[in-house]
Amino acid sequence: MYQTDIAIIGAGAIGSLLYCQLAAIKQPLLLTRSRSVGATSHDDCSTITLETLNGDSLHQPCIQANINQLNKAALANIKLVIVCVKAYQVTDAIASILALIPQSCHILLLHNGMGPHLEVLALLKQHPQLKLGLSLGTTSQAALKLAPMQVRHTGKGKSIIGHLSGPVMPLAIQNQLLAAVEDMSVVDDIVTSLWQKLLVNCAINPLTALAQCANGELAQPQFQQQIEAITQECIMVAKADGVNLSLLDSVAIINQVIKLTANNFSSMHQDIHHNRKTEILQINGYVVARAAHHGLTAAINQSMLTEITALESAL
């Protein structure tokens, strides 16, 4: 039985960064589908190497476990599972642990885009015997995965979490998160916050992937008209979903992110560059799907979806 009360699914850039930040307070458990190349002993002890913002290297001991080799007793102490996988992997990740985690466990989704929360809500309704709470979150922290169990922290940023359904996150666990992750806060209306972050992703991700450029290049005048058009269309769809956002403020936020992350490459840029599947369906594709749900059209976001999907198909 693992003694920790927080588990993380996903050893990507953000999952690894979050593991190291939480470990400064209390070491979490890393849940994987396969044994990490960094595991060197029978108890699955390994090390995450984190390059910090000031250039230092932190070697963080990491306790990990293969989900496929666990039983319910092993996770009896887990009070929170943080899901940090790609958006299109979220539902499968949750399904893989439902039979293993305690009935009073809480789940926090922390990924790009939107949409998986609707799938997870539908999944949880199929298991009414479980009393699982669900929270959503987003982070503007930037990190780059250099190799398995090696990550570089490339930028500070705000992190936001909020309750969506079921029992609320235990206060002690919430306080543990707030103490470990710099500039993390709790909001009452997490869906609005996620829509605001979605607007940033809808502009920066596809445009940098198509132009194969760093985020800072989008500050050039030739991109500003596209950014405003994408944003205006997203705001129209968000309003149909009951979320009111300001065009002026949203464009300003996007340009601020472009400035603050000028030297960074978006996740979609990295996915295309490395011949990986992108999260376009959960970013611009989510806007297109919600528009269709309300009988609207989102032609510009559809164009982004079509162009990125064509790039994926050509890989």
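The values are calculated or read from the model by the stated rules, or taken from the named source; none is laboratory data. Owing to the predicted nature of the structure, the values given are computational and were not obtained by experimental measurement. Note: ideal-geometry Cβ built from the backbone for every residue, glycine included; neighbour counts use all protein chains shown.
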May I ask you to verify whether Ala95 is of a type outside the set (Asp, Glu) and over 18 Å from the mean Cα position of the chain (by Cα)? no
Can you pull out every residue in the range 239-258 that is farther than 17 Å from Ser193 by Cβ and either among the polar types (S, T, N, Q) or touching a residue at least 12 places away in the same chain (Cβ under 8 Å) (or both)? Ala240, Leu247, Val251, Asn255, Ile258
Inspect the range 274-284 for any residue being touching a Lys or Arg at 6+ places or on another chain (Cβ under 8 Å) and not acidic (Asp, Glu) and give the result as yes or no. yes
Within the range 154-185, track down each residue that is surrounded by 15 or more Cβ atoms within 10 Å (Cβ to Cβ), among the β-branched types (Val, Ile, Thr) and either over 17 Å from Leu22 (Cα atoms) or not assigned by TED's automatic domain parsing to the domain that holds Leu144 (or both). Thr154
Candidate set from the range 114-141 (those that are assigned to a loop (DSSP other than H, G, I, E, B), in contact with a Lys or Arg (Cβ under 9 Å, 6 or more places away or on another chain) and at pLDDT below 95); member that is farthest from Val287 (Cα to Cα): Gln141
In the set Ile97, Ile78, Ile63, which member is more than 22 Å from Gln150 (Cβ to Cβ) and in contact with a Cys (Cβ under 8 Å, 6 or more places away or on another chain)? Ile78
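Table: residues versus (1) assigned to a helix (DSSP H, G or I); (2) of a type outside the set (Ser, Thr, Tyr); (3) modelled with pLDDT of 95 or more; (4) not assigned by TED's automatic domain parsing to the domain that holds Leu144.
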{"residue": "Leu30", "(1), (2), (3), (4)": "no, yes, yes, no"}
{"residue": "Ala39", "(1), (2), (3), (4)": "no, yes, no, no"}
{"residue": "Ile48", "(1), (2), (3), (4)": "no, yes, yes, no"}
{"residue": "Ala74", "(1), (2), (3), (4)": "yes, yes, no, no"}
{"residue": "Ala99", "(1), (2), (3), (4)": "no, yes, no, no"}
